[in-house]
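Structure first, then comments.
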Amino acid sequence: MNNYPNSPGHRGIDTSITAAEITASKQMTRRQLVLEVIEAANQRGAIADEIARELEWAVYEVRPRTSELRRDGKIADSGRRRKAASGVNVIVWVATKREGEENSAETSETPHIAKGDSASPPSPPSRRPTAPLSTEEGGNA
């Protein structure tokens, strides 16, 4: 059964189907590991770089898992941003609800904002400046 993007795709060939089945089981395990790191971060949340560092993975292995977890309603955008290793502000992910817990990202009170976090999401694209901003030292962004 080919249910892409909800499960790994295949071309209907026996070897492709087998590879998709193996990938699907690994995907669930990897997704659970990412969720556990985000849950452990509590309301501080975690960015993909932090998750990758904790799991000793490449960041490109984390991002698809966060997309899947968001799609499944297990994590949410906290509305805060932190700088990634690339220097770009990225989403701080928080768990929406842990097993047996009542509070969720949508209903929790104002979360703790860690150093480097931005308290609100970026403005819509139409309000963003078009020229690059310079740093306080006068260098380029």
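Observations
- Residues that are part of a strand (DSSP E or B) and over 18 Å from Ala52 (Cβ atoms), drawn from segment 67-76: Ala76
- Qualifying residues in segment 1-21 (those that are assigned to a helix (DSSP H, G or I) and surrounded by 11 or more Cβ atoms within 10 Å (Cβ to Cβ)) - the one modelled with the lowest pLDDT: Ala20
- One residue stands out among those in segment 48-79 that are over 17 Å from Thr96 (Cβ atoms) and among the β-branched types (Val, Ile, Thr): the one that is surrounded by the most Cβ atoms within 10 Å (Cβ to Cβ), which is Val62.
The values are calculated or read from the model by the stated rules, or taken from the named source; none is laboratory data. Being a predicted model, the structure only gives us computed values, none of them experimental. Positions of Cβ are backbone-derived with ideal geometry, glycine not excepted, and every protein chain shown enters the neighbour counts.
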